[in-house]
Amino acid sequence: MPDPTVHAAHDRLLVAAHAAGDASGPDLERAAALVASCPECARLHRDLRALSAALAETPAPARPRDFRLTDEAAARLSRPTGWRRLLAPFSGARSAVGPLAASLATLGLAGLLLGGGVNLGLGGASSMSAPAPQAAATAAPAAAGGGDNVYGSAAGQGALGAAPAPSAAPSAAAAGTPPTAPVPSAEGAVTGIASAAPSVVPPPPATGPAGSPAVASDKNAPSAGVSAGAPTAAPSGAGEANVAPTRSAATPPATPVAEPPGPGPSPLAVGSALLLAAGIVLGLLRLAARRLA
Amino acid sequence: MLDSARLTIAARGFRPVVDDVRPVDASEEQARRRDLILVERAREGSLEAFNGLVELYQDHLFGLVARMVPDRDQAADAVQEAFFSAYRNLRSFRGGSVRSWLGRIAINAAMDQQRLRKRRPAQPYPELEDEAWQPPAGPDADPERTALEVERGHVLEAALAAITPDQRNAIVLFDVEGYDYQEIADLTGVSLGTVKSRIHRGRLALRDCLAGSMSLFRGDEG
């Protein structure tokens with residue numbers, strides 16, 4: 001009589017793997033040893049093999065009903081659902097979506113090419129020739145637009161004095177601020193020059209030794225007038241003008257050139273891009289619909 | 001008929017998902033051709049052709065699903081849903097064996113039914129005494145042997161219903177349906193080792209369930 005406690009310690013899963021023919025190597029040796037030495041393991045091995053054979057011969061259960069489809073069920077199943085339903089109008093063989101998509105895309109592409117050609121032909125030329133006249137045109141009103149003669153003349157001088165330096169004129173033109181706006185008081189020439197400078201916002205009156213034009217002009221009004229008269233001080237920043245008014249005459253100003261704002265995309269380009277996008281979207285929808293169909 | 005140009009075109013259009021390298025005898029090849037013709041006609045809208053496929057395979061599919069899903073009504077629903085799904089997705093058939101294709105759909109439907117059942121548990125196998133489980137008896141059938149097979153069928157089905165669904169699926173697909181380990185792994189979405197483990201543990205569990213009835217099965221081995 002085999003000792004059941006001994007068999008309980010045996011690896012049943014190993015015997016099952018051996019019965020299924022899945023044990024190999026050391027596992028196979030161990031399983032074979034168990035089956036050979038333990039009667040319970042041998043019985044388990046036989047039972048598992050018998051069960052596997054019996055399962056293969058199990059009779060199939062009889063079906064309780066007929067599973068053929070009725071016409072109604074087929075019609076219901078043929079109707080598209082979900083995404084297919086939404087995309088169904090795009091998938092028809094005679095659908096006008098395909099030609100429409102192609103037409104839209106072609107029109108959009110042609111429009112983009114045409115708009116691009118116009119931009120290249122006209123916009124390029126204008127961008128090359130625009131700055132100088134634009135600067136002159138904008139500098140002149142700035143010079144003449146000041147209600148105060150002092151500021152106007154100072155600005156005019158600044159503009160004229162900056163004329164040899166190419167960057168000065170656009171900077172004066174691009175200041176964009178009315179010449180009279182930032183002028184605090186009657187510091188005249190210096191403030192006029194400061195207002196003509198493009199992106200240099202007059203710093204607040206501070207205690208910096210060479211910092212603010214207000215301090216410099218307060219203390220050295222005559223010299224400020226002189227420096228204002230010197231046209232080369234105009235393009236540089238106020239602090240630089242105050243620190244070295246004469247140096248800037250020799251060195252070209254480092255003022256960044258502010259480009260005039262572009263005219264923006266033309267309506268032709270926008271419309272063409274929209275047409276192209278619509279054509280592409282329609283084409284993709286048709287492609288997806290035909291794949292789902 | 002079977003060598004028609006239409007069939008040739010259809011067969012070329014069908015790209016088998018997995019090459020079946022098993023030897024195919026003449027009758028099996030003929031059955032495949034017949035199935036491809038029916039599928040092609042069904043894809044053209046012939047409900048009659050599709051119902052021809054249903055007639056051919058509904059017994060097989062119900063036998064497969066009923067072993068995986070304990071409740072007979074739920075099994076029938078799963079089979080019906082499998083045929084619905086097949087009808088809806090006729091265009092997704094990429095060739096190969098129609099029987100295998102329908103089998104995969106039915107197995108998926110059965111597993112869906114099992115998941116549904118897990119959320120809404122019901123009594124397993126409520127109709128074990130159903131005489132429909134009897135195997136068909138031939139003219140020279142031995143009544144004693146037939147009775148033994150019926151008894152075995154009953155106890156095996158009861159034991160199968162008692163083990164876990166994962167183990168049951170693996171055992172049914174391997175021992176009853178004849179799928180190999182890799183096919184079962186692909187069908188159930190688990191690793192090869194997991195499939196083997198489920199089969200081994202499932203058989204052990206079956207044997208424990210049948211502890212009092214194992215004499216029914218030991219008879220064959222003397």
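Tell me, what is the FRET efficiency for A:V270 and A:V6 to the nearest 0.05, using R0 = 60 angstrom and their Cβ-Cβ distance as r? After rounding to 0.05, the efficiency reads 0.10.
Kirkwood radius and radius of gyration were both taken over the C-alpha atoms of segment A:4-53, and their ratio Rg/Rh is 0.94. Extending 7 Å from Cα along the Cβ direction at A:L284 and again at A:S95 yields two label points whose distance is 1.5 nm. Across the options B:C209, B:Y181, B:S191, the greatest Cα extent toward the positive end of the charge dipole of segment B:161-222 (unit charges at beta carbon of Lys, Arg, Asp, Glu) belongs to B:C209. Starting from 0 in steps of 5 Å, tell me what percent of the Cα-Cα pairs of segment A:1-122 lands in each bin. With 5 Å bins starting at 0, P(r) equals 2, 8, 9, 8, 6, 5, 4, 4, 4, 5, 6, 6, 6, 6, 5, 5, 4, 3, 2, 1, 0, 0. Charge dipole (Cα centre; +1 on Lys/Arg Cβ, -1 on Asp/Glu Cβ; no other charges) of segment B:140-222 amounts to roughly 500 debye.
With R₀ fixed at 41 Å, the C-beta to C-beta distance from A:A42 to B:D59 puts the FRET efficiency at about 0.60. The slack in the chain from B:D73 to B:S215, taken as 0.36 nm per residue of separation less the alpha-carbon distance, amounts to 48.0 nm.
Just so you know, all these numbers are worked out from the coordinates, no wet-lab data involved. These numbers come from a predicted model, not from an experiment. Don't worry about glycine lacking a Cβ; one is built from the backbone with ideal geometry, like all the others, and counts go over all protein chains shown.
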